[in-house]
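One structure is given below, encoded as structure tokens.
The values are calculated or read from the model by the stated rules, or taken from the named source; none is laboratory data. Quick caveat: nothing in here was measured; it's all calculated off a predicted structure. Cβ coordinates were reconstructed from backbone atoms using ideal geometry, including for glycine residues, and neighbour counts include every protein chain displayed. The accessibility values were calculated without ligands, DNA or RNA, using every heavy atom of the protein model including side chains. Shrake-Rupley method; radii C 1.70, N 1.55, O 1.52, S 1.80 Å.
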Amino acid sequence: MEGEINMSRNLYAKLGTGLKPQQFMDSMAKNKEKFRQWYDSFQWQDDDRPYFESLRNRDDLRCLILAAEWCGDVVRNVPVVFRALATAAIPAEVLIIEEHPDVMEQFLTMGGKAIPIVIFTDAGGFVLGHWGPRPKHVQEAMIAFKQANPDREAADYQEKLAEARSEMGRRYGEGTEYQAVIIKELHDLISSF
């Protein structure tokens, strides 16, 4: 959930190297149906859409999304991001994590690899901020787990990790309510630059 401005990072060389959103969706061999369900079930809340539509007037923003089709958080969250970016007319590309380890290393979450990471840059590739891997209220369960369980070799680590993942699932909920949270977090982030 870090939205810090860090003009020292430049990803200009990565712009134009990723998959367009439709290419990513078309190329999915895993989780394609579930991804499409979340994509199709997206609904704008009345007060959010005008903000994202107003971004069409900006031509200085670009978005790179670190992702992989096998990741549950990607399947759940990236459809929402795709919808927001399409409405805002912000050019977006998906960087497959296995093909761009250099970028992943720049956007670790608590020292680990977690996706999706939604990276906003200016037209020159300078990083303005990023979002991910999941909504803040969901991520808090993983943060609490990692803080309470620093030893990955502990006998009960996997059991506690399963509990944390279950809690994250509970926080996401069964429906699409979490999608409005992602939209608000993206709105807040983009408003900061």
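Flag not set for A67, criterion: under 23 Å from A123 (Cβ atoms) and surrounded by fewer than 20 Cβ atoms within 10 Å (Cβ to Cβ). If I filter segment 76-83 for residues that are more than 22 Å from Y172 (Cβ to Cβ) and open to solvent by 20 Å² or more (accessible area, probe 1.4 Å), do I get at least one hit? So far as segment 76-83 goes, no, none of its residues is more than 22 Å from Y172 (Cβ to Cβ) and open to solvent by 20 Å² or more (accessible area, probe 1.4 Å). The requirement of being open to solvent by 70 Å² or more (accessible area, probe 1.4 Å), closer than 22 Å to K113 by Cα, at pLDDT 95 or above and not small (G, A, S) is not satisfied by K34. All conditions but one from (1) part of a loop (DSSP other than H, G, I, E, B); (2) under 28 Å from R165 (Cα atoms) apply to V78; the one that does not is (1). Residues in segment 141-179 that are among the acidic types (D, E) and in contact (Cβ under 8 Å) with a residue 24 or more places away in the chain: E167 alone. With the condition kept exactly as written, say whether any residue in segment 87-101 is over 18 Å from F193 (Cβ atoms) and part of a loop (DSSP other than H, G, I, E, B). Looking through segment 87-101, at least one residue is over 18 Å from F193 (Cβ atoms) and part of a loop (DSSP other than H, G, I, E, B). Total residues in segment 109-125 satisfying the condition of being under 23 Å from F193 (Cβ atoms) and surrounded by fewer than 14 Cβ atoms within 10 Å (Cβ to Cβ): the figure is 2. Which one of these is open to solvent by 60 Å² or more (accessible area, probe 1.4 Å) and either within 23 Å of S27 (Cβ to Cβ) or not acidic (D, E) (or both): Q179, Q139, Q106? That would be Q106, the only listed residue that is open to solvent by 60 Å² or more (accessible area, probe 1.4 Å) and either within 23 Å of S27 (Cβ to Cβ) or not acidic (D, E) (or both).
Quick grid of which residues meet (1) over 18 Å from the mean Cα position of the chain (by Cα); (2) free of Cβ contacts under 8 Å to residues at least 60 places away in the same chain; (3) on the phi > 0 side of the Ramachandran plot:
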site	(1), (2), (3)
L15	no, no, no
G18	no, no, no
P21	no, no, no
D26	yes, yes, no
F35	no, yes, no
E69	no, yes, no
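Screening Y51 on (1) within 15 Å of the chain's Cα centre (by Cα); (2) part of a helix (DSSP H, G or I) shows it passes everything except condition (1).
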